[in-house]
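A.B. asks: Below you'll find the structure I mean.
The values are calculated or read from the model by the stated rules, or taken from the named source; none is laboratory data. Bear in mind that the values here come from a model prediction, so they are computed numbers and not experimental data. Cβ: placed from backbone, ideal geometry, glycine included. Neighbour counts: every protein chain shown. Ligands, DNA and RNA are stripped out before the accessible areas are found, and what is left, the full protein with its side chains, is counted by its heavy atoms. Shrake-Rupley method; radii C 1.70, N 1.55, O 1.52, S 1.80 Å.
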Amino acid sequence: MFSHVMIGTDDMDASKAFYDATLGALGIKPGRSDPLGRTVYMNDGGRLILTRPINGEPACHANGGTIGFAAASPEAAEAWHAAGLAAGGTAIEDAPGVRQSPFGPLFLAYLRDPAGNKVCAMHRVAA
């Protein structure tokens, strides 16, 4: 459904370190810089792009927004969470674990990245 997600940051080094660590825990290669100074992560045809805001204003997080990353297992989601904490992320909401949803049980782990964006690793648990 999505071609890419772009996240604003005022500290590219901190954001790159965070996403290299968290996405690396999910098996995604480190981000690469492009000629415009953005950092790009590629996986299965999708892109996550880190950028400084083009209008020159400070970056800010989306209030009410969450960016979710698919995890192959609960252990992968736990590794993602631990890598994020070690790379400057902040734990938010409940500790990683199974939560019931209208679509069945989900293993969820939430963090805020160094720029304040809410991110999640999710694994759909077999019912």
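A.B. asks: Can you name every residue in the stretch 38-59 that is aliphatic (A, V, I, L, M), open to solvent by less than 30 Å² (accessible area, probe 1.4 Å) and assigned to a strand (DSSP E or B)?
C.D. replies: Listed by number, the residues that qualify are VAL40, LEU48, ILE49, LEU50.
A.B. asks: Restricting attention to the stretch 17-43, which residues are of a type in the set (Asp, Glu) and touching a residue at least 24 places away in the same chain (Cβ under 8 Å)? Break it down stepwise before answering.
C.D. replies: At the first step, the residues of the stretch 17-43 found to be of a type in the set (Asp, Glu) are 20, 34.
Hit for the stretch 17-43 is ASP20, nothing else.
A.B. asks: In the stretch 103-127, how many are part of a strand (DSSP E or B) and among the polar types (S, T, N, Q)?
C.D. replies: Qualifying residue count, the stretch 103-127: 0.
A.B. asks: With ALA71, ALA14, ALA62 as the choices, which residue is crowded, with 18+ Cβ neighbours inside 10 Å and touching a residue at least 24 places away in the same chain (Cβ under 8 Å)?
C.D. replies: From the options ALA71, ALA14, ALA62, the qualifying one is ALA71.
A.B. asks: Moving on. Anything in the stretch 63-79 that is under 13 Å from CYS120 (Cβ atoms) and either assigned to a loop (DSSP other than H, G, I, E, B) or of a type in the set (Val, Ile, Thr) (or both)? List them, or say none.
C.D. replies: Correct list: GLY65, THR66, ILE67, ALA71.
A.B. asks: Would you please name the residue that is least open to solvent (accessible area, probe 1.4 Å), looking only at residues in the stretch 88-102 that are within 12 Å of VAL119 (Cβ to Cβ) and in a loop (DSSP other than H, G, I, E, B)?
C.D. replies: The qualifying residue least open to solvent (accessible area, probe 1.4 Å) is GLY89.
A.B. asks: Taking the residues in the stretch 18-37 that are buried (at least 17 other Cβ atoms within 10 Å of the Cβ) and either over 21 Å from SER73 (Cα atoms) or charged (D, E, K, R) (or both) as candidates, determine which candidate is farthest from the chain's Cα centre (by Cα).
C.D. replies: GLY31
A.B. asks: Can you find, within the stretch 1-11, the residue that is most open to solvent (accessible area, probe 1.4 Å) among those that are over 17 Å from ALA59 (Cα atoms) and part of a loop (DSSP other than H, G, I, E, B)? Spell out the reasoning first.
C.D. replies: First, pick out the residues of the stretch 1-11 that are over 17 Å from ALA59 (Cα atoms): 1-4.
Okay, now just the ones that are also part of a loop (DSSP other than H, G, I, E, B), so 1-3.
Details: MET1: 211, PHE2: 157, SER3: 75 Å².
Out of the qualifying residues, it is MET1.
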